[in-house]
Structures are given as structure tokens and as C-alpha cells.
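Below is one structure; the comments refer to it alone.
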Amino acid sequence: MGVQWKAFVDQISHYESFVLVSHIRPDCDALGSELGMAEVLRTIGKKVRIINAHRTPAALQFLDPASNIEVLGDDVEAEDISADCIMILDTSAWAQLGDMGDVIRSSRADKIVLDHHVGEDELGATMYKDYQAEAAGHLVVQAADALGVPLTRSMSVPLFAAIATDTGWFRFGSVTPETYRVVARLIDAGVVPSEVYSDLYERDTLGRLRLRGLILSRTQSELDGALMHTHVEKEDFAKVGAEPNDTEDAINLTLAVQGTKAAVIFVGQIRGGFKLSFRSRCGMDCNEVARKFGGGGHKAAAGGFLEGTLDDVRGRVLPVVIEAVKKALAE
């Protein structure tokens with residue numbers, strides 16, 4: 001079932017001020033959804049702030065040229081955050097909210113979630129979710145329509161980036177005819193796809209290239225090539241001059257190997273532990289696997305996190321993924 005947009009519009013009408021929040025380590029869908037929704041709400045006269053637990057990656061700063069996104073602890077303190085409503089975009093999980101989770105728990109503001117991920121925690125929020133949507137950015141376009149807000153170029157660029165990246169530049173199975181119809185409207189509003197692509201993929205640093213080379217050099221296969229896995233340790237970023245967000249989309253490089261049905265990457269975090277990213281081109285449900293490790297997402301793509309050393313984390317995760325791939329291939 002899709003979002004009940006009449007209920008959404010009715011609820012929005014009761015508030016004058018909003019704080020928009022998304023997940024830690026924000027990607028294009030998180031940032032694009034926040035920026036697009038902020039402009040939608042401002043167009044109808046609402047006061048809006050965007051506050052995240054993590055800073056916008058340098059490579060994605062082009063989405064927010066005016067630096068409207070604030071960072072908790074750097075630009076604003078928890079006690080200075082107030083609004084009638086806190087809107088959480090592109091996640092429904094406490095673990096994904098980082099330090100903003102404590103702000104949300106303690107706030108007396110009403111809470112709204114606008115998300116497309118399967119699974120959810122009890123956030124004390126009204127849920128507006130569509131599991132079939134390929135990106136949260138698409139839901140924001142629908143929100144604009146429901147609220148009677150016309151699409152503008154400044155609104156459409158981050159929303160286009162949100163949809164384009166969450167669909168792997170329109171090559172994932174989540175893409176539908178409606179995806180292209182929405183994208184056409186964003187282009188009509190002034191988006192130039194080649195410019196967005198260039199901003200996203202043609203401004204790599206030497207460190208990012210070296211990191212990707214390292215990731216590819218460590219790729220190993222299981223199940224006669226049906227499963228690929230690789231890793232990055234936190235010390236690697238300094239060694240090659242890369243940033244943590246430079247691992248974005250790296251897992252998809254391993255899917256280019258012929259015969260690959262699933263992939264996993266283990267990314268060491270600066271504060272310790274490993275971020276897990278799963279991808280599937282078979283019947284393996286990434287969301288189901290990720291939830292065993294405190295995460296979640298979609299059937300074809302999901303993530304999680306585990307504390308521990310690389311050997312420990314890999315030793316816990318790989319057997320689970322191998323069994324899931326075996327089961328999927330046998331069906």
C-alpha cells in the first residue's frame with residue numbers, strides 16, 4: 001500500500017515549523033529528500049531546518065550550495081532544537097539516526113516518517129511509507145503534488161540525484177515506468193542529467209580512485225563466483241588519502257563480474273566496528289540478512305553494522321550470506 005497522501009496533507013497543515021532529519025552517513029537519497037522536502041514546505045509558508053547527525057560528504061556538497069543543512073554538535077546543540085514537527089526521511093530505524101535519535105526521543109514535537117524501506121522501529125511517529133518506491137526522493141515528489149507545490153529547478157536537482165543514485169543510475173530492478181515519468185518531470189523543471197552525473201561521478205579525487213583499486217584488489221569469491229566480498233579497514237583511508245564516504249557505490253563494482261549473484265562489503269568505521277553493505281541479484285533477501293545484524297533496507301540492497309575486528313565480523317557475516325545465497329540458488 002502506498003502513502004495515504006490526504007492524511008499526510010491534513011497532518012502537515014497543523015504545523016508551522018519543521019525539523020527534517022535523515023540517517024547517519026547521509027547519501028544522495030537522504031540529502032536530496034531533505035533538501036527537496038524543505039523547499040516544498042517553505043513554498044507553502046512553513047519554517048524549516050535540516051539537521052543531521054553527520055556532516056554532508058564533501059563530494060555531495062553540490063546538492064546544498066547554500067549550506068542549509070546543519071550538523072548536530074557542530075552548528076547546533078540539542079537543547080536549541082525545537083519545532084512543531086520532526087520529519088524523518090529515508091529511514092525508520094533508531095540505529096540509523098545516530099545522535100539525532102536522542103533529540104527525537106526527548107522532543108515533545110510530533111513526529112512523521114516518510115520512507116521507502118522495509119521494516120521499522122517504533123519511533124513514536126506517524127508512518128507514511130511505500131515499500132515499492134525506488135527512492136525517498138520519489139515520495140517527496142508525490143508529497144509536492146499532494147500539497148499542490150510546483151516543481152522548481154532548485155527542488156528538482158537534489159530529488160533527481162536522490163532517485164538516480166538509489167536506482168544505480170536507473171539500472172536496478174526497482175526502476176518502473178513511473179520512475180521515468182517522474183524523472184521526465186524533474187528534467188522539465190530544469191534538471192540537466194549530464195551535469196548531475198558529472199557532479200556525482202566525474203570529480204573523483206586521486207584518493208578515491210586508489211581506494212577503489214584497493215577494494216577491487218581485495219575482492220574474493222565464494223560459491224564458484226556467485227558471491228563476492230571485499231573490505232576496507234579504517235586505516236586504509238589515511239593510507240590512500242581517501243574519505244570514508246568514498247566507499248559509496250563501491251560494492252556495485254563487484255557485481256560487474258560475470259556470474260555474480262550477491263555481494264558484501266565490510267567498511268571499517270573511524271569509531272570502530274564495520275558497516276555492512278549487501279547486494280543481491282538473486283532470490284537472496286538483503287533486508288532479511290541485514291536485519292540479523294541490526295540493519296535493514298530492501299530486498300536487493302541493505303546495510304547493517306557490527307562491532308568487532310574484521311576477522312570477527314567477517315566470520316559472523318559470511319556464513320549467513322553464503323547460506324542465504326545457496327538457498328536462493330537452489331529455489
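The values are calculated or read from the model by the stated rules, or taken from the named source; none is laboratory data. Because the structure is predicted, anything quoted here is derived from the model rather than measured. We place every Cβ from the backbone using ideal geometry, glycine too, and count neighbours over all the protein chains shown. Heads up: the accessible areas ignore ligands, DNA and RNA and are worked out on the full protein's heavy atoms, side chains in. Shrake-Rupley method; radii C 1.70, N 1.55, O 1.52, S 1.80 Å.
Ratio to report: Rg/Rh of region 1-69, with Cα atoms as the point set and Rh obtained by the Kirkwood method; give two decimals.
Across region 1-69, the Cα-based Rg/Rh ratio is 1.00.
Using a 1.4 Å probe over the heavy atoms of the protein chains, calculate the carbon and sulfur portion of the accessible area of the chain as a whole percent.
For the chain, the apolar C and S fraction of the accessible surface comes to 49 percent.
At 0.36 nm per residue, and after removing the present C-alpha to C-alpha distance, how many nm does the segment from ASP102 to SER194 gain when stretched out fully?
29.2 nm
When the chain is modelled as a GNM with alpha-carbon springs shorter than 10 Å, which of GLY297, GLY315, GLY268 fluctuates the most?
So, out of GLY297, GLY315, GLY268, the one fluctuating most is GLY315.
Need one value: the accessible area of GLU16 in square angstrom, 1.4 angstrom probe, rounded to the nearest 10.
It works out to around 110 Å².
With springs only between Cα atoms under 10 Å, which of ARG210, ARG291, ARG271 fluctuates most in a Gaussian network model of the chain?
It is ARG271.
From the alpha carbon gyration tensor of region 207-330, can you work out the equivalent ellipsoid semi-axes (sqrt of 5 times each eigenvalue) and give them in Å, largest to smallest?
Semi-axes from the Cα gyration tensor: 23, 16, 12 Å.
Cross-link list LYS129/LYS239; LYS46/LYS234; LYS47/LYS292; LYS261/LYS292; LYS6/LYS292; LYS46/LYS299: which exceed 30 angstrom alpha carbon to alpha carbon?
Exceeds cut-off: LYS129/LYS239; LYS46/LYS234; LYS47/LYS292; LYS6/LYS292; LYS46/LYS299.
In deg cm²/dmol and to the nearest 500, what is the mean residue ellipticity at 222 nm of the chain if only DSSP H runs of at least 4 residues count, each as -39500 (n - 2.57), divided by the residue total?
-11500 deg cm²/dmol
Between SER17 and ARG218, what length in nm is gained on full extension when 0.36 nm per residue of separation is reduced by their alpha carbon distance?
Computed gain between SER17 and ARG218 is 67.5 nm.
Give the Rg (one decimal place) followed by the Dmax (whole number) of region 206-251, computed from C-alpha coordinates and expressed in Å.
That works out to 11.2, 34 Å for Rg and Dmax.
Specify, per residue and in Å³, the volume enclosed by the convex hull of the alpha carbon atoms belonging to the chain.
134
Can you tell me how region 160-272 classifies by the Cα gyration tensor, rounded, prolate or oblate, using a/c under 1.5 as the rounded cut?
oblate
Using the basic label-point model (7 angstrom from Cα toward the beta carbon), what is the ALA78 to SER154 distance in nanometres?
3.3
Using only C-alpha positions, report the orientation-averaged shadow area of the convex hull of region 8-145, nm², one decimal.
Directional mean of the projected Cα hull area for region 8-145 stands at 7.7 nm².
Give me the number: length gained by fully extending VAL320 to LYS299, i.e. 0.36 nm times residue separation minus the C-alpha to C-alpha distance, one decimal in nm.
6.0 nm
Can you tell me how region 110-212 classifies by the Cα gyration tensor, rounded, prolate or oblate, using a/c under 1.5 as the rounded cut?
oblate
Kindly work out what percent of the DSSP beta bridges joining two residues of the chain are antiparallel, to the nearest 5.
The antiparallel proportion sits near 40 percent.
Can you tell me the accessible area per residue over the chain, all protein chains present, probe 1.4 angstrom, in square angstrom?
45
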